[in-house]
Amino acid sequence: MDTLKFIAKRLVYMIIMLLGVATLVFFLTKALPGDGTTANLSQRALSDPEIVAAYRAKHGLDKPVIVQYFIYMKNLLQLDLGTSIRTNKDVLGELMRCFPATIELALFAIVIAAVFGILFGVISAIKRNSIIDQIVRAISVTGVSIPSFWFALLVLFLLYYKLQLFPGPGRLSTGFAAPQTVTGLYVIDSLLEGNIPKAMDALSHLILPGLVLASFTMGLITRTTRSNVLDVMSTDYIRTARAKGLSQTKLILKHALGNALIPVLTVIGLGLGNLLGGMVLVETIFNWPGVGQFAYESVLAADFPSIIGVSLLVALNYMVINTIIDILYGIIDPRVRCN
């Protein structure tokens, strides 16, 4: 019963926070100069007051801001995010079209980050203060520090243009058509078609952008894993196990790793939320038709309904993941439910 109350309370908090984010983003976008008219109408159309007035009326830009806000919130409660000024299509539909590409890339990147981040963190803890530890720590610091857009350009230049080890931008090579949409994930949809070469091609296109996006989160996971493993190794039950003659490796893998990885789950969850929000520059550089590229194009066109829609999607991703983590912590540790 306590668990259900805890879950219900977290869900209510999530809804309130989402409405707060919607309000904040709406007024922030309205504070920006312009309303999308200049960016989306030609010079000839802009010179005609009737066309400009009709355009503003069509998108509700002729109403006072407070009226626009209440209309938007009313529509939002009905899951209506409005119409994109740039594409003249439903914003929710546009986001659902782009989101699977971002999900596929984000899941691929977070798997790389989690596997190698935990592996490097454990190795670094086992080989503490050795040359291996120094190398791993240098790699993790580099992953956290390196700008993603610069790293993206670097791997494209070296691994695609110079060495030609991996395919370039896009989700598929030019010789393949997009698979029939079932999940929106090209690798899975290609496998459902029974087209193995297409699935392998889609997977190969994930490697470079996935590596770039994984680098930051992998660095955080490595550092967090190393720190927590070393902390757990100083506890009484580990000292007792060491006194029984267990090796350092067995102590970490069999006794310390389980407890040490609990805080790492938070880092993985936040990393996934960040990736699902769409990495604007990386998706744009790799011509990846996800939420990030959609956000970039919307900003260029001053497409405020789409900008707000992307912001809400990013916020929702973080809230859902944080809520799931809170619920899992509350189930694992009953003390959390008291907060």
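The values are calculated or read from the model by the stated rules, or taken from the named source; none is laboratory data. Since the model is a prediction, treat every value here as computed from it, not as a measurement. Cβ sites come from the backbone with ideal geometry, for glycine too, and all protein chains shown count toward neighbours. Quick note on the areas: whole protein, heavy atoms, side chains included, nothing else; ligands and nucleic acids left out. Shrake-Rupley method; radii C 1.70, N 1.55, O 1.52, S 1.80 Å.
Taking the criterion of being among the charged types (D, E, K, R), open to solvent by 40 Å² or more (accessible area, probe 1.4 Å) and part of a helix (DSSP H, G or I), the residues of region 54-110 that qualify are ARG56, LYS58, LYS74, ARG97. In region 192-211, which residues are surrounded by fewer than 21 Cβ atoms within 10 Å (Cβ to Cβ), more than 17 Å from ILE103 (Cα to Cα) and either in contact with a helix residue (DSSP H, G or I) (Cβ under 7 Å, 6 or more places away or on another chain) or small (Gly, Ala, Ser) (or both)? GLY194 - this is the single residue of region 192-211 that is surrounded by fewer than 21 Cβ atoms within 10 Å (Cβ to Cβ), more than 17 Å from ILE103 (Cα to Cα) and either in contact with a helix residue (DSSP H, G or I) (Cβ under 7 Å, 6 or more places away or on another chain) or small (Gly, Ala, Ser) (or both). Taking the stated definitions as given, is VAL65 more than 22 Å from PHE216 (Cβ to Cβ), in contact (Cβ under 8 Å) with a residue 12 or more places away in the chain and β-branched (Val, Ile, Thr)? Taking the combined requirement at face value, the residue satisfies it. On the stretch given as region 174-191, residues that are open to solvent by less than 40 Å² (accessible area, probe 1.4 Å) and without any contact (Cβ under 8 Å) to a residue 40 or more places away in the chain total 3.
Selection of first residues in region 144-165 that are free of Cβ contacts under 8 Å to residues at least 24 places away in the same chain and of second residues that are surrounded by 13 or more Cβ atoms within 10 Å (Cβ to Cβ) and in a helix (DSSP H, G or I), restricted to Cβ pairs under 7 Å at least 6 apart or on distinct chains, gives the following pairs, ordered by first then second residue: LEU165/LEU159.
Being over 20 Å from MET279 (Cα atoms), in contact (Cβ under 8 Å) with a residue 24 or more places away in the chain and open to solvent by less than 60 Å² (accessible area, probe 1.4 Å) is true of PRO263. For region 290-314: of the residues being among the β-branched types (Val, Ile, Thr) and under 17 Å from PRO100 (Cβ atoms), which is surrounded by the most Cβ atoms within 10 Å (Cβ to Cβ)? Restricting to residues being among the β-branched types (Val, Ile, Thr) and under 17 Å from PRO100 (Cβ atoms), the top hit is VAL291.
Looking at ASN287, ASN228, ASN322, ASN317 in this structure, which one is surrounded by fewer than 20 Cβ atoms within 10 Å (Cβ to Cβ) and assigned to a helix (DSSP H, G or I)? Matching residue, one of ASN287, ASN228, ASN322, ASN317: ASN322. For region 157-194, the set of residues classified as among the aromatic types (Phe, Trp, Tyr) and outside any loop (DSSP other than H, G, I, E, B) consists of PHE157, TYR160, TYR161, TYR186, listed by residue number. Here is the figure for region 141-156: residues that are open to solvent by less than 100 Å² (accessible area, probe 1.4 Å), assigned to a helix (DSSP H, G or I) and either closer than 12 Å to ALA214 by Cβ or hydrophobic (A, V, I, L, M, F, W, C) (or both) total 11.
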